[in-house]
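Here's the structure we're looking at; comments come further down.
The values are calculated or read from the model by the stated rules, or taken from the named source; none is laboratory data. The model shown is predicted, which means the values in this text are computed figures rather than measured ones. Cβ coordinates were reconstructed from backbone atoms using ideal geometry, including for glycine residues, and neighbour counts include every protein chain displayed. The accessibility values were calculated without ligands, DNA or RNA, using every heavy atom of the protein model including side chains. Shrake-Rupley method; radii C 1.70, N 1.55, O 1.52, S 1.80 Å.
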Amino acid sequence: MEFLAGRRLRRTRASAWSRSLVRETVLTPADLIWPLFIIDGQNERTQIKTMPGVERLSVDLAVEAARQAAAEGIPALALFPNTQDERRSENAEEAYNPDNLMCRALSAIKEAVPEIGLIADVALDEYSSDGQDGLVRDGQILNDETVHVMIRSALVQAAAGADIIAPSDMMDGRVGAIRAVLDAEGFEDRQIMSYAAKYASAYYGPFREAVGSGTRLKGDKRTYQMDYANSDEALREVAQDLEEGADTVMVKPGMPYLDIVRRVRTEFNVPVFVYQVSGEYAMIEFAAAAGAINREASILESLYAFKRAGASGILTYYALEMARKLNA
Ligand code: PBG
């Protein structure tokens, strides 16, 4: 069989020790950002039907969760409020109420667990009566008026202790506007993590149940979130956000967009984060529950895929569970 002699790629795969020696990427708890859903009340936890295993937590329980995350070496949390119905409005005024749920969660966690980084989502869908990320007039999503509300929202979040402001709305110009206002108000130390390449995706469905915006939303978000047919445009979005002052950028959703993660990583020398979104979580959970895939193995594989594609870090609902597993 001399035609088979020479190079054999299976040689380095033949045993566990050898595979570990040649492994190209590593996954550690420091790669993971844990998104948390916040609700009002004391000692309250509520289930999310479409995200089995993920709960909305009241602020006191979120503080506990933050302690557990910090103990496992998770560097940061991303907070998302489920605003009470009566506090939602057409103009999303609750977004800049300094005492809103987001701000109360930020300051409570910052005080109790100062060593963990806090990422505050800035978008209006968590506060508006129609579930859109922007102000709506005559069926149109207003850009600059929305950015004005977002600036105010970012300021109350910074004052409450947000370390990273994360605009997730895809309005034009919001990164530069937020940067200018943060600097002017003495928050020049706060980072901006821009949801730079965020696609109009069907995979956000369970998240909208979690924050309570789904049943309100009429239509879609395609006039501001990106068309999933596009890839070059993602690079223009990233370039623009960096120019406006973003410290780090994000690609979202995750697994269907690994090509975008890789392109952004290759073309820009900046940290790129990826969001394994709610629909991706749901797919793994429901497929595993049906016996179609091995749950833990597919979670681990999905997280490694993000690292391999070039992600500096991953927002994932599996963060605590996987950090514990990696630390075990
Ligand atoms: C809100 C926001 C969304 C997500 C994060 N921030 C939903 C949306 O844009 O409709 C999705 C996260 C997930 O699905 O896990 N602007």
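Quick look at the values:
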{"quantity": "Hydrodynamic radius (Kirkwood) for segment 131-277, which is based on Cα pairs only, to one decimal in Å", "calculated": "15.8 Å"}
{"quantity": "Accessible surface of the chain, 1.4 Å probe, proportion on carbon and sulfur as whole %", "calculated": "50 percent"}
{"quantity": "Structure-based [θ]222 nm, the chain - -39500 (n - 2.57) summed over DSSP H runs of at least 4, per residue, nearest 500", "calculated": "-12000 deg cm²/dmol"}
{"quantity": "In the chain, lysine pairs with alpha-carbon atoms under 24 angstrom apart (chain gap of 8 or more, or interchain)", "calculated": "11"}
{"quantity": "C-alpha long axis of helix 144-160 to longest principal axis of the chain, angle in °", "calculated": "80 degrees"}
{"quantity": "Projected label distance in nm at Asp220 and Glu267, using a 7 Å step from Cα toward the beta-carbon", "calculated": "2.3 nm"}
{"quantity": "Counting DSSP beta bridges with both ends in the chain, the antiparallel % (nearest 5)", "calculated": "15 percent"}
{"quantity": "Phi to ³J(HN,Hα) by Karplus 6.51 cos²θ - 1.76 cosθ + 1.60 over segment 188-199, Hz, x for Gly, Pro", "calculated": "5, 7, 8, 7, 10, 9, 8, 6, 7, 10, 10, 8"}
{"quantity": "Calculated over segment 143-220: convex hull of Cα atoms, volume per residue (Å³)", "calculated": "111 Å³"}
{"quantity": "Karplus 3J(HN,Hα) series, Hz, for segment 16-24 with 6.51 cos²θ - 1.76 cosθ + 1.60 (x for Gly, Pro)", "calculated": "4, 4, 6, 4, 5, 5, 9, 4, 8"}
{"quantity": "Dimensions (Å) - segment 57-133, Cα atoms, principal axes, largest first", "calculated": "40, 19, 18"}
{"quantity": "Fully extended contour minus Cα-Cα distance, from Ser15 to Lys49, at 0.36 nm per residue", "calculated": "8.1 nm"}
{"quantity": "J(HN,Hα) series, segment 72-82, from Karplus relation 6.51 cos²θ - 1.76 cosθ + 1.60, nearest Hz, glycine and proline x", "calculated": "8, x, 6, x, 8, 10, 10, 9, 9, x, 9"}
{"quantity": "Solvent-accessible heavy-atom area per residue, rounded to whole Å², over segment 26-327 at 1.4 Å", "calculated": "40 Å²"}
{"quantity": "√(5λ) per eigenvalue of the Cα gyration tensor, the chain, largest first, Å", "calculated": "34, 23, 20"}
{"quantity": "The chain, relative contact order in percent, only Cα pairs under 8 angstrom and at least six apart counted", "calculated": "19 percent"}
{"quantity": "Span per principal axis, largest first, for the Cα atoms of segment 257-298 (Å)", "calculated": "41, 17, 14"}
{"quantity": "Nearest-ten-degree value, helix 258-267 long axis tilted from longest Cα axis of the chain", "calculated": "90 degrees"}
{"quantity": "Positive dipole terminus of the chain, leading residue within Tyr127, Phe37, Asn269 (C-beta point charges)", "calculated": "Asn269"}
{"quantity": "Förster radius 35 Å - calculated FRET efficiency between Glu111 and Ser231, Cβ distance, rounded to 0.05", "calculated": "0.25"}
{"quantity": "Cα gyration tensor, segment 1-149 - rounded (a/c under 1.5), prolate or oblate", "calculated": "prolate"}
